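A short write-up of the structure that comes next.
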Amino acid sequence: MKRSILLRLQERLGTGEDVVGNEEGRDATKSIAEAIAASADTEHVPVTFDSCAHVEGPFFHGTRTTFAAGDLVVPGHPSNYHDGRVANHVYFAALLEPAVWAAELATAFAGDEERGRIYVVEPTGPFEDDPNVTDKRFPGNVTRSYRTRHAMRVVREVEAWDGHAPEVLQGMLDNLARLRAQGLDVIED
């Protein structure tokens, strides 16, 4: 079985700590597949703007944009995924792998040859489950993906992360192109 991206990352860092440097962030090391398996016997507690305080980080944001610690990631910028569309939310996850996908897809759609970027971020306001992935292929929010209309403060960049294998990334891009051709690549924003 393929080791998770984060397990390889932890080994590269050479510490017993997780990617964010603390014991509390250990769940962030789960791959999406591991999160799906772990959620099998767990009831999803919906995360809404009125009820999000129970969700703990660390939180990750994947992008092609360069930020520095202390910068604010805000909604209202062009979407990384659809030309001519403005993103009304900032999207983030409590697992690293969704941020890896976000960084890789953002750079691929932009035609960038540079590597995407992943940041540890903290919310400055309420957030909710990302409706684009919650209760879709799997019940609940197994990817622990969220969105907010408020700024996210950049804590630091995650510099040591492994991307998906080129054929896996190409498979995702091909699938998204197929959905787009069928008019099914709708993002609820």
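Looking at the range 151-182, the GluC sites (Glu not before Pro) that sit in a DSSP loop and have at most 15 other Cβ atoms within 10 Å of their own Cβ are GLU159. For the range 26-121, the Kirkwood estimate of the hydrodynamic radius, built from every pair of different alpha carbons, is 14.8 Å. Once the Cα-Cα distance is subtracted from the 0.36 nm per residue extended length, the ALA165 to THR124 segment shows a gain of 11.4 nm.
Since every read-out is calculated from the coordinates, none of them should be taken as a lab result. These figures come from a predicted structure and were not determined experimentally. Reconstructed Cβ throughout: ideal geometry from the backbone, glycine too, with neighbour counts over all protein chains shown.
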